[in-house]
Amino acid sequence: MKKILGIDNCDIEAAFLEPRLEKPMYIKTPASLAACGFITKEELNECAIELLGSMYGNVDVALLWFREFVKYLKQVGMIQSKVDPCIFYLK
């Protein structure tokens with residue numbers, strides 16, 4: 001009797017926008033805020049914007065997302081491969 005192996009994969013839209021940051025992260029204030037009158041030109045050089053969540057281009061986001069995803073897969077009973085940690089299986 002042959003055993004059939006089912007394989008599934010998924011693509012999660014906006015996955016890199018989901019993880020919560022582990023440490024404070026700041027970005028430079030966009031010049032357009034001064035151009036639109038939200039802040040003065042003096043404040044532009046003195047201020048930064050603190051990120052409350054992750055965003056594309058942040059180098060830590062892929063690792064943070066993977067940690068959250070692994071935690072979920074283990075909660076639902078999946079087993080992480082010791083050979084390749086990106087592969088999970090269910091017996």
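If you place +1 on the Cβ of every Lys and Arg, -1 on the Cβ of every Asp and Glu, and leave all else neutral, what size is the dipole of the chain about its Cα centre, to the nearest 20 Debye?
That gives a dipole near 740 debye.
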**Item:** Count, lysine Cα pairs under 21 Å in the chain, 8 or more residues apart or across chains
**Value:** 9
**Asked** Per-residue HN-Hα couplings for region 39-49, Karplus 6.51 cos²θ - 1.76 cosθ + 1.60 at θ = phi - 60°, whole Hz, x for Gly and Pro?
**Response** 9, 7, 5, 5, 5, 4, 7, 9, 10, 9, 10
**Message:** If I fit a long axis through the Cα atoms of helix 61-75 and take the longest principal axis of the Cα atoms of the chain, what angle between them do I get, 0 to 90°, rounded to 10?
**Reply:** 40 degrees
**Asked** What number, rounded to the nearest 500 deg cm²/dmol, is the helix-based mean residue ellipticity at 222 nm of the chain, given -39500 (n - 2.57) per DSSP H run of at least four residues and division by all its residues?
**Response** -8000 deg cm²/dmol
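All of the numbers you see were taken from the coordinates with simple rules; none came from a lab. As the structure is a computational prediction, the values presented were derived from the model and not from experiment. Quick reminder, even Gly has a Cβ in these numbers, built from the backbone with ideal geometry, and neighbours come from all protein chains shown.
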